[in-house]
Amino acid sequence: MLVLILRRAGFSLFSLLVVSLILFALTRSIPDSPARIVLGDEATEEQIAQFEADHGLDRPVLVQYLAWLERLVLHGDLGRSFTTRLDMNAQVTETLPVTLELVCIGFVVALTISLVLGTLSALWRDSPVDYAARLLAVLGVSIPGFWPALVLVLALTVERDWFPPGGFVPLGEGLAEHLRSIALPCLCLSVFYMAVLTRMTRSSLLEVLGQDYMRTARAAGLSRPRVLLYGLRNALVPVVTIAGVSFGHMFGLALIIERVFNIGGMSRALLTAIQQRDYALVQAVVMMFTIIFVVANLIADLLNAWLNPRLAARAA
Amino acid sequence: MSPRDDLGVSDMAPIPVVGRGAPGKPLLEIEGLHIAFGARDRWFEAVRGVDLRIHAGEVVGVVGESGSGKSLTALAIMRLLPRGARISSGRMRFAGTDLLALDERGMNRLRGSAMGMIFQDPLTALNPALPVGHQIADSIRTHQGLGRAAALARAEALLDLVGIARPRERLRAFPHELSGGMRQRVMTALAVANDPRLLIADEPTTALDVTVQAQVMAMLDRIRRELGIAVLFISHNLELVAEVCDRVAVMYAGRVVEGAVVEALFEAPRHPYTRQLLRCIPRLNDETGPMPTIPGLPPRLGAIPGGCPFAPRCDAAFARCTAEAPDIWRRGDHMARCWEALR
């Protein structure tokens, strides 16, 4: 098991390195020098050369990359924005927790509901519960992410006044208000993933329920709940994999949802950075997302190795 | 010290080991069992009136080609028929209990306890995600209410009983870490974990190599003798049946077509199907030439012909065979469902 953890962690680290290299090369391959963007069209060649020298932009890209990597890894320093001169660590620490909270709550909601619904759907196959769950799953994957957000805002905040139409109330200003402000965003965030994970749970459990070893468990006289627990342990493997990917993927949708509900999370930082062509900040935000994505997948992999040791044995 | 005591089971009444043709009430009695497949208003009968009796300590073999309904019959006893199949009529009594009157909880008390079952493919029949010791211990805890440690200790004794070396280490092994023969031994340990009175073995050696097959059969035979368990042995292998069984039932198209004590069946078969099956057993000293086979195929589900279902493939069939379902020929313990036998 330890060998497996080390292997997987090593592989994750390697993918992070590759992504960071690609990311760095992409942001540096944009034809406009950051100096031109910051200083404007009127800046002279000398001014630009001076700016590039000040910020180390005149060095070879590989040297720049290694310097950036060294700061990031050894000091956890994301650097400063070229345009606003703001410390990006401050910006990330300010906005990341907001997005992280939305995604975590949305993820837990999606996972809980889909596990329950998917299990019931598989157990009571072709029952009204199953039909409802399948309908919900089809709707959830087909509707674009922002649409339920708009509808909910219209129905529950503009016409009724049940929830605030937007904005983020920090936890410090009262738990109830805080929860009210994030309820709709979290719900909207979870719909798509709820649908995907429900379908996955249902189909995976259905497959497992037909396996010989489930019949063996029943032939051994184990009670229904016990047999189901056996089955879930086997059926969860693909669900965990998809859940791991979903968690990272949810940050992408969170950007849109934050925009719709006017929440000052990572989306504000990223979209502003893109508009202002603040490539250093884009790079920092995307790097953060990548780290979260890779870590989520690493956890999913290890969880699966525990759930199904045969997979682990095959991988090692 | 008897093997039973060795396994820590002393509170159960001793089960008399009775030889063939045992008198008295049978342990398992099946009468007119019908099993249908289908949905809504389209049902096909796959088992069409099976009668079967097994006495305590007796080994009864059921042979037939695939699709003859032998495995379905076995699953029906455990009430573990696959989705879409149901018992449409018949009676099944096990040790005085009406099996068809039991609810799920009542069945669960019997399954894995008084009735154990060994399945054909030990690779797919064991849960790949759990150590084998865990799987055996779970069954023991369910039926005997033992604690974890005590259940594992008993599981270890069971692995030893089925001839697995270093049983303590093997408790922690996952099925994929064991060979096919070992897995079938584990499967056997699971099936006899709670001292069953009846063991149903559905083609227990079909998925194994021939050499391993012999070892596993020897192990099964030893265990059922030591523990005095009655065995329902499902197989398509007549040779194996001849070695281990007291009585044999030959099934064809959902019915028992011939039933007899094993010697009678092999020495004086009355049904042409049995005779042709016996002719198909390959022998090592046979002169070269094509292997004998039975021409034609068994009838498809839902398309079983009227009269005797074997008539189209039978070398002894005459006019009456295709016209009328055969009556039963009977002499003592020996029965056959055949017009030719009655002539």
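For the reader, a short list of remarks on this structure follows.
Yes or no, residue by residue, for (1) within 23 Å of B:Met78 (Cβ to Cβ); (2) within 10 Å of chain B (Cβ to nearest Cβ); (3) aromatic (Phe, Trp, Tyr):
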residue: A:Tyr193; (1), (2), (3): no, no, yes
residue: A:Val196; (1), (2), (3): no, no, no
residue: A:Leu209; (1), (2), (3): yes, yes, no
residue: A:Asp212; (1), (2), (3): yes, yes, no
residue: A:Ala217; (1), (2), (3): yes, yes, no
residue: A:Pro238; (1), (2), (3): no, no, no
residue: A:Val245; (1), (2), (3): no, no, no
residue: A:Phe251; (1), (2), (3): no, no, yes
residue: A:Ala254; (1), (2), (3): no, no, no
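- Looking across segment B:125-153, the residues that are within 9 Å of another protein chain (Cβ to nearest Cβ) and not in a helix (DSSP H, G or I) come down to B:Leu126, B:Asn127, B:Pro128, B:Ala129, B:Leu130, B:Pro131.
- Check on B:Ala207, without any contact (Cβ under 8 Å) to a residue 24 or more places away in the chain and either open to solvent by 20 Å² or more (accessible area, probe 1.4 Å) or β-branched (Val, Ile, Thr) (or both): no
- For segment B:55-84, a tally of residues being within 20 Å of B:Tyr252 (Cβ to Cβ), open to solvent by less than 20 Å² (accessible area, probe 1.4 Å) and of a type outside the set (D, E, K, R) returns 12.
- Residue-level analysis places A:Ala219 among those that are in the same structural domain as A:Leu123 (by TED's automatic domain parsing), open to solvent by less than 60 Å² (accessible area, probe 1.4 Å) and more than 30 Å from A:Met288 (Cα to Cα).
- Screening segment B:155-185 for residues that are in contact (Cβ under 8 Å) with a residue 60 or more places away in the chain, over 18 Å from the mean Cα position of the chain (by Cα) and within 14 Å of chain A (Cβ to nearest Cβ) and picking the one that is surrounded by the most Cβ atoms within 10 Å (Cβ to Cβ) gives B:Leu158.
- Of all residues in segment A:232-267, those being in contact with a Phe, Trp or Tyr (Cβ under 9 Å, 6 or more places away or on another chain) and more than 18 Å from A:Met194 (Cα to Cα) number 10.
- Just one of (1) open to solvent by 20 Å² or more (accessible area, probe 1.4 Å); (2) of a type in the set (S, T, N, Q); (3) touching a strand residue (DSSP E or B) at 6+ places or on another chain (Cβ under 7 Å) fails for B:Thr188. It is (1).
Listed here are the residues, each with its yes/no results for (1) modelled with pLDDT of 85 or more; (2) under 25 Å from A:Thr272 (Cα atoms); (3) open to solvent by 50 Å² or more (accessible area, probe 1.4 Å); (4) in contact with a Gly (Cβ under 9 Å, 6 or more places away or on another chain).
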| site | (1), (2), (3), (4) |
| --- | --- |
| A:Thr44 | no, no, yes, no |
| A:Phe51 | no, yes, no, no |
| A:Gly56 | no, yes, no, no |
| A:Leu66 | yes, no, yes, no |
| A:Leu69 | yes, yes, no, no |
| A:Gly76 | no, yes, no, no |
| A:Gly79 | no, yes, no, no |
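- Residues of segment A:198-207 classified as open to solvent by less than 20 Å² (accessible area, probe 1.4 Å), within 14 Å of chain B (Cβ to nearest Cβ) and not hydrophobic (A, V, I, L, M, F, W, C), total: 1
- Here segment B:87-124 is the region considered, the condition is being in a loop (DSSP other than H, G, I, E, B) and open to solvent by 30 Å² or more (accessible area, probe 1.4 Å), and the residue that is nearest to the other protein chains (Cβ to nearest Cβ) is B:Asp121.
- Subset of segment B:300-316 [in contact with a Gly (Cβ under 9 Å, 6 or more places away or on another chain) and surrounded by 15 or more Cβ atoms within 10 Å (Cβ to Cβ)]: B:Leu301, B:Ile304, B:Pro309, B:Pro312, B:Arg313
- Identity of the residue in segment A:280-313, more than 30 Å from A:Leu57 (Cβ to Cβ) and small (Gly, Ala, Ser), that ends up surrounded by the fewest Cβ atoms within 10 Å (Cβ to Cβ): A:Ala313
- Among the residues making up segment A:84-100, those that are closer than 27 Å to A:Leu184 by Cβ and either open to solvent by less than 50 Å² (accessible area, probe 1.4 Å) or not assigned by TED's automatic domain parsing to the domain that holds A:Thr272 (or both) are A:Gln91, A:Val92, A:Thr95, A:Leu96, A:Val98, A:Thr99.
- Check on B:Glu239, open to solvent by 70 Å² or more (accessible area, probe 1.4 Å), part of a helix (DSSP H, G or I) and assigned by TED's automatic domain parsing to the domain that holds B:Ile200: yes
- Scanning segment A:112-136 for residues that are assigned to a helix (DSSP H, G or I), open to solvent by 50 Å² or more (accessible area, probe 1.4 Å) and either in contact with a His (Cβ under 6 Å, 6 or more places away or on another chain) or touching a residue at least 60 places away in the same chain (Cβ under 8 Å) (or both) yields A:Ile113, A:Leu115, A:Leu123, A:Arg134, A:Leu136.
- The one condition in (1) open to solvent by less than 10 Å² (accessible area, probe 1.4 Å); (2) closer than 28 Å to A:Leu236 by Cβ that B:His134 fails to fulfil: (1)
The values are calculated or read from the model by the stated rules, or taken from the named source; none is laboratory data. The model shown is predicted, which means the values in this text are computed figures rather than measured ones. Cβ coordinates were reconstructed from backbone atoms using ideal geometry, including for glycine residues, and neighbour counts include every protein chain displayed. Ligands, DNA and RNA are stripped out before the accessible areas are found, and what is left, the full protein with its side chains, is counted by its heavy atoms. Shrake-Rupley method; radii C 1.70, N 1.55, O 1.52, S 1.80 Å.
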